[in-house]
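This report concerns only the one structure given below.
Laboratory data are not the source of any read-out in this text; all were calculated from the coordinates shown. Quantities reported herein were computed from a predicted structural model and do not represent experimental measurements. Note: ideal-geometry Cβ built from the backbone for every residue, glycine included; neighbour counts use all protein chains shown.
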Amino acid sequence: MTSAEASRAREQAVGERSAEQLANWAAHPDAEVRAAVASNPATAPRTLENLAHDEDWRVRAAAAANPATDGFWLGELIRDDDVRVREVAAANPGLTSKDLARAAEDDEARVRAAAAANSAASQTALDTASQDIDWRVRACAGANPVAPMVLLRTLATDEDWRVRASVAANAAAPSEVLAALVLDGDAGVREAAQRP
């Protein structure tokens, strides 16, 4: 198959609306075509289940990102051997609170950061993320629009300027926190706090 043929097949797989047509594309030999099917919200649950077990990590990651993927299969994908798949699954708001908690304890900081940025993160998960040793995880918690005000106040005093800047850029940051961050010692934090 030429690259032009594969490109046409990917475009069709993304644009197809019939579950039957998408199921046919799910068996395509090109992994990028299967990934396009896995990312399509119109893909049938049974097809997504099969794609969640695909040999290619890109296909599994596309299934992990799909909002139509069942919570059970997201839970399976959060346990994937490939960190890239776990990272994408951790960001999916359809993840159960139990599996989101599992992602928040992953060995890889990028998976924990994706869990901290998830709009479905619980206050407990965000509290845990705010104490993570990796600044990226704390920054994602500070940037999360569902982060409680008390957490944002705490992260606004974080030792790492990037965490403070993430709080300053958060539209949910309380005005008194922004007022303090406008006076921060770091120019990037001050700039983020002075947003319109």
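Compute the Cα gyration tensor for segment 66-129, then decide on rounded, prolate or oblate, letting a ≥ b ≥ c be the square roots of its eigenvalues: rounded whenever a/c is under 1.5, prolate when a/b is larger than b/c in the other cases, and oblate in all that remain.
Verdict is oblate for segment 66-129.
Using all C-alpha to C-alpha distances in segment 71-183, build P(r) with 5 Å bins and read off the rounded percent in each one.
Calculated P(r), rounded to whole percents: 2, 15, 26, 21, 16, 9, 6, 2, 1, 0.
Quick check: residue separation of N24 and R190 times 0.36 nm, minus the Cα distance between them. What number comes out in nm?
54.4 nm
Among rounded, prolate and oblate, which fits the chain when a ≥ b ≥ c are the square roots of the eigenvalues of its C-alpha gyration tensor, a/c under 1.5 means rounded, and a/b larger than b/c means prolate?
Cα axes put the chain in the prolate bin.
At 0.36 nm per residue, minus the direct Cα-Cα distance, what do Q123 and A68 gain on full extension? Give it in nm, one decimal, please.
Gain on stretching Q123 to A68: 17.3 nm.
Tell me, what is the percent relative contact order of the chain, built from C-alpha pairs under 8 Å that lie six or more residues apart?
It comes to 10 percent, rounded to a whole number.
Would you kindly calculate the translational diffusion coefficient of segment 21-135, applying Stokes-Einstein with the Kirkwood radius from alpha carbon pairs, for 4 °C and a viscosity of 1.567 mPa s, and quote it in µm² s⁻¹ without decimals?
Estimated diffusion coefficient is 93 µm²/s.
Please give the direction-averaged projected area of the C-alpha convex hull for segment 121-188, in square nanometres with one decimal.
3.8 nm²
Quickly rank 183-193, 90-100 as a protection proxy: mean count of other C-beta atoms within 10 Å, highest first.
90-100, 183-193
Let me have the 222 nm mean residue ellipticity of the chain computed from DSSP H runs of 4+ only, each contributing -39500 (n - 2.57), with the sum over all residues rounded to the nearest 500.
Only helices count here, giving -17000 deg cm²/dmol.
Report, in degrees rounded to the nearest 10, the 0 to 90 angle that the Cα long axis of helix 3-15 makes with the longest principal axis of the chain.
Roughly 70 degrees between the two axes.
Which residues does the label zone of R153 cover in segment 108-127, counting backbone N under 11 Å from a point 7 Å along Cα→Cβ?
none
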